[in-house]
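Asks: What follows is a single structure, and I will ask about it in a moment.
The values are calculated or read from the model by the stated rules, or taken from the named source; none is laboratory data. For clarity, every value in this text was computed on a predicted model and none was experimentally measured. Heads up, the Cβs are rebuilt from the backbone with ideal geometry, glycines too, and the neighbour counts pull from every protein chain shown.
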Amino acid sequence: MKPSIVVVGSFVKDLSFRCGRFPRAGETVIGTFSPGPGGKGSNQAVAAARAGARTRFVGAIGSDPFGVEAAQFLRSEGIDARLAEKRGRATGAAAILVDRASQNEIIVAIGASAAITPRDVPAGLIRGARVVICQGEANARINLHAFRLARRFGAIVRPGVMGGELADTPRASRSLSASVSADQATSKSGPTRPCRADRSPRYLLSLVGCIQLTARRQLD
């Protein structure tokens, strides 16, 4: 498959808990639990695929059940999933607490996504794409590598701001510091208007912007 959009980034298994209010320090509260697929990169890929674009997702998983679920889920969405298996690393996971007011508290363990290397993203996976997307949920080095390949092949790049411990090299941080923020796209819903796979790069970029700005994760 020759993709229109290539997303390089994170898959995270979401472990969502709903409760009436957040527990205080040392306190236990009763709530409900709902697991599901997530991660900024995976969510963007799913939203793009559901909008009708030929989509490839390049990421990393661990040798664990969450990794198996990631591969099955992405392929069930019609996405060309290229997942490097990182031994000794767990698949990314997030603990998400949501209270009755829909406020949330989240802890994310990036896991295998932090270990993606240029070897996992060879030129052949980027060549032919019209738009290449990264986020701030993997590592700055791999974003810079993916964008250099995209520039070489004439693709439009859609970067996300790197911050905190994810901006792991000053050079990479400076290279990406002027980029726009990549909001998290939903894995459960996306733009309802389908697009043709042969749309222009400008149209695909506007589609990505729509995905990033309007598609939000739904924790229900």
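Asks: So, of the residues in the range 1-48 that are surrounded by 24 or more Cβ atoms within 10 Å (Cβ to Cβ) and among the basic types (K, R), which turns out to be modelled with the lowest pLDDT?
Replies: If we take residues in the range 1-48 being surrounded by 24 or more Cβ atoms within 10 Å (Cβ to Cβ) and among the basic types (K, R), then K40 is modelled with the lowest pLDDT.
Asks: Next question. Here is a check on your reading of the model: is G41 within 13 Å of the chain's Cα centre (by Cα) and closer than 25 Å to H145 by Cα?
Replies: Here the answer is yes, as G41 does meet what is asked.
Asks: Determine which member of the set G36, G124, G52, G78 is in contact (Cβ under 8 Å) with a residue 24 or more places away in the chain and either within 19 Å of V8 (Cβ to Cβ) or among the aromatic types (F, W, Y) (or both).
Replies: Just a single option satisfies the conditions, and that option is G78.
Asks: Check T91 against each of (1) surrounded by fewer than 19 Cβ atoms within 10 Å (Cβ to Cβ); (2) of a type in the set (S, T, Y); (3) at pLDDT 95 or above and name the one condition it does not meet.
Replies: So the condition that T91 fails would be (1).
Asks: Now for a different question. Which residues, counting only those in the range 1-33, are within 30 Å of V121 (Cα to Cα) and touching a Cys at 6+ places or on another chain (Cβ under 8 Å)?
Replies: Correct list: V7, V8, G9.
Asks: Determine whether the range 8-26 contains at least one residue that is part of a strand (DSSP E or B), of a type outside the set (S, T, Y) and in contact with a Lys or Arg (Cβ under 7 Å, 6 or more places away or on another chain).
Replies: The answer is no, given that none of the residues of the range 8-26 is part of a strand (DSSP E or B), of a type outside the set (S, T, Y) and in contact with a Lys or Arg (Cβ under 7 Å, 6 or more places away or on another chain).
Asks: Still on this structure: Given the criterion in contact with a helix residue (DSSP H, G or I) (Cβ under 6 Å, 6 or more places away or on another chain) and β-branched (V, I, T), identify the matching residue among T55, T28, T32.
Replies: The conditions single out T55.
Asks: Failed condition for R148, given (1) without any contact (Cβ under 8 Å) to a residue 12 or more places away in the chain; (2) in contact with a helix residue (DSSP H, G or I) (Cβ under 6 Å, 6 or more places away or on another chain), with all others met?
Replies: (2)
Asks: Among the residues of the range 27-57, how many are within 25 Å of E85 (Cβ to Cβ) and part of a strand (DSSP E or B)?
Replies: 7
Asks: Which count do you get for residues in the range 112-152 that are in a helix (DSSP H, G or I) and over 18 Å from the mean Cα position of the chain (by Cα)?
Replies: 7
Asks: Identify all residues within the range 49-63 that are farther than 20 Å from S113 by Cα and surrounded by 24 or more Cβ atoms within 10 Å (Cβ to Cβ); write none if there are none.
Replies: A53
Asks: Then there is this: Let me spell it out: the conditions are (1) assigned to a loop (DSSP other than H, G, I, E, B); (2) modelled with pLDDT of 95 or more; (3) over 30 Å from V29 (Cβ atoms), and A84 meets all of them except one. Which number is the exception?
Replies: (1)
Asks: Could you list, in sequence order, the residues of the range 6-33 that are more than 16 Å from the chain's Cα centre (by Cα) and of a type in the set (G, A, S)?
Replies: S16, G20, A25, G26, G31
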